[in-house]
Number of protein chains: 2
Amino acid sequence: MAEFFDCNPNVLNNLELIEKKMTQAATECGAHVVQTCFHMFSPHGVSGVVIISESHLAIHTWPELGYAAVDLFTCGENCDPKIAYDFLKAAFSSKSGSYSELRRGMLQADTVQKKPFFVGQQVEV
Amino acid sequence: MAEFFDCNPNVLNNLELIEKKMTQAATECGAHVVQTCFHMFSPHGVSGVVIISESHLAIHTWPELGYAAVDLFTCGENCDPKIAYDFLKAAFSSKSGSYSELRRGMLQADTVQKKPFFVGQQVEV
């Protein structure tokens, strides 16, 4: 979970650039890009997501506040979201930011499906 | 931030259904859907995002574990992400889940741009 303060608002309000930098951040940190989806708000602000094989990166920008909120959701051992954080902090010319890691999906034996799921056995719902 | 355990794997592996339920969850909790973006993984698992005017809802499913990780990222006073959580817990037939709220974007005077940003003054970057 990343916050970027005091960013360059001209970057934060540029959809093409935000999409490019978010996609690069995914690749830089070892992720594999599957799909991207970005939206420009009126009068300003960009929201977007890069779906990666390892989960997703999401961003919301408030150019008028110089602020961007970013999620770097990864799984597996081959991605380092901190690399994406450092990359984006530089890309946004952010003068201060915060980065915190939250672990999730800590499955315990009693919460996991008792029977393994096989695609061939999927039923219509 | 929501976790859903012990879900119906047939729901978690159905892209159309997941997209429909996530979009409904957004509307139910008072959000306005802007764009959706979903991906089916092989051999199983769905990742997707609903971009809303108020930020986004994201999901990753592991049908083989009966597990889904969901982000319900909202801003403003008109959305209640807990409603989306309850809606999705029922939609996934999840027997146990967890829901936690994290506040972010707590801007302080010294981290906000000193000069307001006007779109008309945007410069090329």
The stretch B:31-64: number of residues that are over 13 Å from the mean Cα position of the chain (by Cα) and more than 12 Å from B:Asn13 (Cβ to Cβ): 1
Are any residues in the stretch A:3-17 farther than 15 Å from B:Val123 by Cα and either of a type outside the set (A, V, I, L, M, F, W, C) or crowded, with 23+ Cβ neighbours inside 10 Å (or both), and if so, which ones? A:Glu3, A:Phe4, A:Asp6
For the stretch B:71-122, name all the residues that are modelled with pLDDT under 90, open to solvent by 80 Å² or more (accessible area, probe 1.4 Å) and part of a loop (DSSP other than H, G, I, E, B). B:Met106, B:Gln108, B:Ala109, B:Asp110, B:Lys114, B:Lys115, B:Pro116, B:Phe118
Exactly one condition in (1) more than 12 Å from chain B (Cβ to nearest Cβ); (2) open to solvent by 40 Å² or more (accessible area, probe 1.4 Å) is not met by A:Cys29; state its number. (2)
Residue hits (the stretch B:49-67; open to solvent by less than 50 Å² (accessible area, probe 1.4 Å) and either more than 9 Å from chain A (Cβ to nearest Cβ) or assigned to a loop (DSSP other than H, G, I, E, B) (or both)) are B:Val50, B:Glu54, B:Leu57, B:Ile59, B:Thr61, B:Gly66
Kindly indicate whether any position in the stretch B:28-48 is outside any strand (DSSP E or B), farther than 21 Å from A:Glu54 by Cα and polar (S, T, N, Q). no
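The values are calculated or read from the model by the stated rules, or taken from the named source; none is laboratory data. All values reported here derive from a predicted model rather than from experimental measurement. As a convention, Cβ positions derive from the backbone with ideal geometry for all residues, glycine included, and neighbour counts pool all protein chains shown. With ligands, DNA and RNA removed, areas are computed over all heavy atoms of the protein, side chains included. Shrake-Rupley method; radii C 1.70, N 1.55, O 1.52, S 1.80 Å.
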